[in-house]
Amino acid sequence: MSGGHSTYSPKTGIGRWIDARMPLPRLVHDSFVSYPVPRNLNYAYTFGGILSIMLVAQILTGVVLAMHYANDTTLAFQSVEKIMRDVNSGWLLRYMHSNGASFFFIAVYIHIMRGLYYGSYKAPRELLWILGCIIYLLMMATGFMGYVLPWGQMSFWGATVITGFFTAIPLVGEWVQQLLLGGFAVDNPTLNRFFALHYLLPFMIAGVVILHVWALHVVGQTNPTGIEVKSKTDTVAFTPYATIKDGFAMVVFLAVFAYFIFYIPNYLGHPDNYIQADSLKTPAHIVPEWYYLPFYAILRAITFNIGPIDSKLGGVLAMFGSIAVLFVVPWLDTSKVRSAVYRPWYKLFFWLFVINAIFLGWLGSKPAEGLYIPLMQISTLYYFAFFLIIMPVLGLIETPRRLPNSITEAVLEKNKGGSAHPAGATAAPETRG
Amino acid sequence: MKKILNSLAAIGFLFAGTAGAALAQEENHAAEPTHFPIHAPKEMDWTFAGPFGNYDKAQLQRGLKIYKEVCSACHSMNLVAFRTLEDLGYSEAQVKAFAAEYEVQDGPNADGEMFTRKALPGDHFPSPFPNAVAAAAANNGAAPPDFSLIAKARGVTRGFPTFVYDIFTQYAEGGPDYIHALLTGYDEQPPAGMEVAEGTHYNPYFIAGKSLAMAKPISDGQVTYEDGSPETVDQYSRDISAFLMWAAEPHLATRKQTGFAVMIFLVLFAGLVYATKRKVWANAH
């Protein structure tokens, strides 16, 4: 996958024999051992690795759960409870999988924000960014369908509301909705196809992840300065440097994950999902999982008709638009400078965007009534303005700070200007010439 | 650029102002309440709370007694098997004897007939009603909910910023707190002028309205305790809440014990990996 020359030289006879026939070890060596990474990557860059282990963990726990799960509306809820009560360590597998989905999204949100902050989407990394957006879309579909499987009240009513969005599409809407449901309402055919797709999509994610990593290894990683690698002193080898740093971040991330699994496993869930689905009892507030809440707020912010578009279709368009806009970010940002480190104004608007996104999430959990509606509208406005107005305009009018000539220079400069290291501390590798 | 900043600040103020107003509106309860429950449940002390929490077996046994003598007349608990009652400190023989007090339907036998027999430890608690329609018909149209998961299926929204603190305090007892509050909340009288629908009972702790179909289910002295615990509604409510938490989450203690070992391992391992990382990076170039 690596763009550069391979430095792999097999040491054993068997190694040479394999290398001449199917050089998989060479591919692995070039991609994960000798692959050069910028020397100044910070911990924000470790979430790609964290996401890979989360994907593997979700697939492994998911496959075992599928061995015990009964894919039928009359049995699904009870089969999940059987896993929780009678299957050996079933409670652990199930809590790992349900909290794993949340932590997958926590990691992907940090990963996306890192990309937005350091301008990782800019040429020549547009395809890398778009592949990431596709992974995110697939994740959302997988997460949504997975939440339906336990067949609790929120599963059922969440599925009813979300598939209902499609009826807003003119002409084909109802047909699409019935195709998704396998009928006129959420029922056994819906559960069957959601289970099949929930099992399929993670492997599609894994496929796109391979393309994502491939694209990454062709263009190389960005780094906090946003300057391309110019010489060998700008980089370090992936192994051991990035592997051990990623490894440390993974263990810390897993510790937080474990804290949720073992101490507050239902914190991120909704109590109503411990009530079996009942098509005759609508819950007071139907809310999606927390990781969709910002989009749910955007959906409900559109309470007015825009010309021929009624508020329902408008809401659905705004919601899908809020994700679609991510795909064109590489062409919306007009700035010649990549990293927010050298863009004081962009940095300010970026952090406002982050705060606004969290605020949208909080609004998403609130009913669409009273003052929450104008708040949702203002927040939605800023969400879109950030991409459609601030990004293009700021790139043209902002005066960026002076860029260093190379990564190495930036590292040395930072050390000179920054606070002194405590005496006796190991010399930071970045400071060595 | 300055203009942008100024308008941005204006939007910011607008944001903060309206958010504050929204919150204020939420707090404002009129004589006719619109947000339920009217009162938030009181947080109780539970032995199973916190990182080292575990069930108090004597309390669970008292809770089981209440379930058996009071609640089980209307509420099923069909996900719980008798065999799991060994968790409460009962012996195999005691569980067998306890199960034998219940009748369950089995069959068909060799003649194709369904028959009833004494329950075995492998059976689940039988339901008091043959089906949900019968349960609703016997209870004024509202079928009593199953109790297997009720302690995890109820929880009053905590609101900002409490829900953030809950991560650090490991608050996960919203269910038992709610059950306790509901059972002890029947004695409160509705404020003057409030209309309470006929056939329902005012309870300011009820999650979905000002009154519910269930009448006050338990009174002082109704269930006899052999271990000398107070025979009060408050004590009964604590015991049944703890029991229902166990019914909903039987592996809670194992989970927390495993969690402690996992956390210790991960913290130590993180320390070792960090030390290795420092060593490796010290040799860069």
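Details
- Helical mean residue ellipticity (222 nm; -39500 (n - 2.57) per DSSP H run of 4+; nearest 500) of the protein assembly as shown: -17500 deg cm²/dmol
- ³J(HN,Hα), Karplus 6.51/-1.76/1.60, whole Hz, each residue of region A:197-208, x for Gly, Pro: 6, 5, 7, 6, 4, x, 6, 5, 4, 4, x, 5
- Contour excess over end-to-end distance, with Cα ends at A:Asp86 and A:Val256 and 0.36 nm allotted per residue: 58.5 nm
- Fraction of the pair-distance distribution of chain B above 32 Å, Cα-Cα pairs, percent: 45
- Residues whose placed amide H lies under 5 Å from that of A:Gly152, excluding near-sequence neighbours: A:Ala277
- Under a 5 Å amide H cut-off, with hydrogens placed 1.01 Å from N, A:Thr235 pairs with A:Arg39 among residues at least 5 apart or on other chains.
- Comparing the full protein assembly with the isolated chain, the residues of region B:41-67 losing at least 10 square angstrom of accessible surface (1.4 Å probe) are B:Pro51.
- Counting only residues at least eight positions apart within a chain, or on another chain, the lysines with an alpha carbon under 18 Å from that of A:Lys245 are B:Lys277, B:Lys279.
- Sequentially through region A:51-58, phi angles give Karplus couplings (6.51, -1.76, 1.60; θ = phi - 60°) of 5, 5, 6, 5, 4, 4, 4, 5 Hz, Gly and Pro residues having no value and appearing as x.
- Lys, Arg +1 and Asp, Glu -1 on Cβ, resulting dipole of region B:119-184 about Cα centre, debye, nearest 20: 140
- Cα gyration tensor category, rounded, prolate or oblate, for region A:171-271 with a/c compared to 1.5: oblate
- Spatially proximal lysines relative to B:Lys68 (Cα-Cα < 25 Å; intrachain offsets below 8 disregarded): A:Lys82, B:Lys57, B:Lys96, B:Lys118, B:Lys152, B:Lys216
- Sequence-distant residues sharing a close amide H with A:Lys230 (under 5 Å, placed H): A:Ile407
- Positive-end residue of A:Thr235, A:Ile112, A:Gly247, charge dipole of region A:20-278 with Cβ unit charges: A:Thr235
- Distance distribution note for the protein assembly as shown: the fraction of Cα pairs above 37 angstrom is 50%.
- Difference of contour (0.36 nm per residue) and Cα-Cα distance, B:Glu86 to B:Asp227: 48.9 nm
- In nm, spacing of pseudo-spin labels at A:Leu280 and B:Asp220 (7 Å Cα→C-beta vector): 4.0
- When its C-alpha radius of gyration is set against 2.2 N^0.38 Å (N residues), region A:286-399 gives a value of 1.13.
- Kirkwood Rh in Å, taken over region B:136-223 so that all alpha-carbon pairs contribute: 15.0
- Per the accessible-area calculation with a 1.4 Å probe, the total area buried between chain A and chain B rounds to 5300 Å².
- Estimated vicinal HN-Hα couplings, Hz - region B:52-66 in sequence order (Karplus 6.51, -1.76, 1.60; Gly, Pro = x): 10, x, 8, 6, 8, 4, 4, 5, 4, 5, 5, x, 4, 4, 5
- Distance cut-off 19 Å, percentage of C-alpha pairs in region A:1-142 lying past it: 67
- Additional length obtainable on full extension of the chain from A:Asp310 to A:Phe184, 0.36 nm per residue less Cα span: 43.1 nm
- Once you reduce region A:252-318 and region A:321-343 to the center of their Cα atoms, the two points are 27 Å from each other.
- For region A:133-212, alpha-carbon Rg over 2.2 N^0.38 Å: 1.14
- Two-site FRET efficiency, A:Ile59 against B:Ala142, from Cβ-Cβ distance with R₀ of 35 Å, rounded to 0.05: 0.25
The values are calculated or read from the model by the stated rules, or taken from the named source; none is laboratory data. Everything quoted here is computed from the prediction, not taken from an experiment. In this analysis, Cβ positions are derived from the backbone assuming ideal geometry, glycine residues included, and neighbour counts consider all displayed protein chains. In case anyone asks, the SASA skips ligands and DNA or RNA and just uses the protein heavy atoms, side chains included. Shrake-Rupley method; radii C 1.70, N 1.55, O 1.52, S 1.80 Å.
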